[in-house]
């Protein structure tokens, strides 16, 4: 049993040492790390565990080196190892390193930034010629002066499987999970924290808020200009016997006609997932969420780009669409760390659509913050930076 960092800090009775609010991307990983350390933990989820309403839904997430996101450099070197630990503990395959492509005009922001930062990091970009791209990745048709950069370290993660694997492992190690319980308030109560739902109040010594798009409801003044982003996910059927495997169609990011699109080979037989990178709509509250909404103009635009980029081998009529939502901050960086003077309330949210690749590492950091082994997160992710 891990030595409790809480045993002498709280004399009033509690329901658990640490509570976790929201058991999606980051909350599931935090609960897993708490439980495997022997820390008495309880997690609340307003939907079922592994639900399809969180930022982690949609079958796959890209796993890429951090050249386009230098702020995550301290975290990403540990991500592969953390996923492998969860795979071993759960018996579930979660992360596949397949290599990945970045495609665009040489003058595009994506290609220029990626090339510059790779060079600065001592890893000159691996530029593929048109002929090599056509030979190795025939599904991608380079147009005009487009170039392709190959990254051996890229891959993809299975997000729903990872969340469920982490929660199952947490439960097996003793964590308590309370499903279908939306937390309405979080309040300091002496040397405890009161966590309330519509019909019950629990007391814990520390609480971690990882409620994703619902986090701002519990922390309304933390990030004044925050917003909720709606992201559209689309699946397209392949035609004939077209071979869209990880070898011929690895994860990609492509800048085309002012749009950034991305895609993967789908786990659904005979389909590929191709969609817009980044949110298509900004919302203010979760009350505006509509998971069944089918934005006609957005679907028409992604269909047009699919037809232009992939020709006859992909039918540009999507057979499945979905919306998911995430919490965004004004600077695109998450908020990670304690938000109160006693450091009893810790937040890990606002990952702005870019968090899943590092989720198991963030879960570990949140536990280190809750246990007092760490007193602050990444400097760029200071949760109080918007209100100081």
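The calculated FRET efficiency for residue 269 paired with residue 135, based on their beta-carbon distance and R0 = 25 Å, is about 0.45. Site pair residue 331 and residue 307 shows an inter-label distance of 4.3 nm when each label is modelled 7 Å from Cα along Cα→Cβ.
Taking the chain as a Gaussian network of alpha-carbon nodes connected by springs under 10 Å, the highest mean-square fluctuation of the residues 350, 119, 19 belongs to 119. Distance between the 7 Å Cα→Cβ label points at residue 112 and residue 317: 4.1 nm. Between the helical axis of 359-371 and the longest alpha-carbon principal axis of the chain there is an angle of about 20 degrees. Short-range pairs are left out: with C-alpha atoms under 8 Å and at least six residues apart, the relative contact order of the chain is 24 percent. Between residue 126 and residue 257, full extension at 0.36 nm per residue minus the direct alpha carbon distance yields a gain of 44.8 nm. Pairs of Cα atoms nearer than 8 Å and 6+ residues apart set the relative contact order; for the range 248-312 it is 20 percent. Counting only the Cα atoms, the chain fills a convex hull of 138 Å³ per residue. Take the Cβ atoms of residue 297 and residue 241, set R0 to 51 Å, and the FRET efficiency comes out at 0.95. Relative to the longest principal axis of the Cα atoms of the chain, the long axis of helix 159-172 lies at roughly 30 degrees. Helix 296-310 and the longest principal axis of the Cα set of the chain meet at an angle near 50°. Under the shape rule built on the C-alpha gyration tensor, where the axes satisfy a ≥ b ≥ c, the range 87-154 is oblate, since a/c reaches at least 1.5 while a/b does not exceed b/c.
For residue 375 and residue 171, what is the calculated FRET efficiency with R₀ set at 35 Å and r taken between the beta-carbons, to the nearest 0.05? Display every interim value, and only then the final one.
On the way: r = 29 Å, r/R0 = 0.84.
Computed FRET efficiency for residue 375 and residue 171 comes out at 0.75.
Report the residue, chosen from 215, 108, 297, that carries the largest GNM mean-square fluctuation when the chain is represented by alpha-carbon nodes joined by springs under 10 Å. Taking springs between Cα atoms under 10 Å, the residue moving most is 297. A crude spin-label estimate for the pair residue 85 and residue 368, with each label 7 Å from Cα along the Cβ direction, gives 1.0 nm.
Once a ≥ b ≥ c are taken as the square roots of the eigenvalues of the Cα gyration tensor of the range 45-97, is the result rounded (a/c under 1.5), prolate (a/b larger than b/c) or oblate (a/b not larger than b/c)? Walk me through the intermediate numbers first.
Numbers: a/c = 2.13, a/b = 1.37, b/c = 1.55.
Judged from the Cα gyration tensor, the range 45-97 comes out oblate (a/c at least 1.5, b/c at or above a/b).
Laboratory data are not the source of any read-out in this text; all were calculated from the coordinates shown. Because the structure is predicted, anything quoted here is derived from the model rather than measured. Positions of Cβ are backbone-derived with ideal geometry, glycine not excepted, and every protein chain shown enters the neighbour counts.
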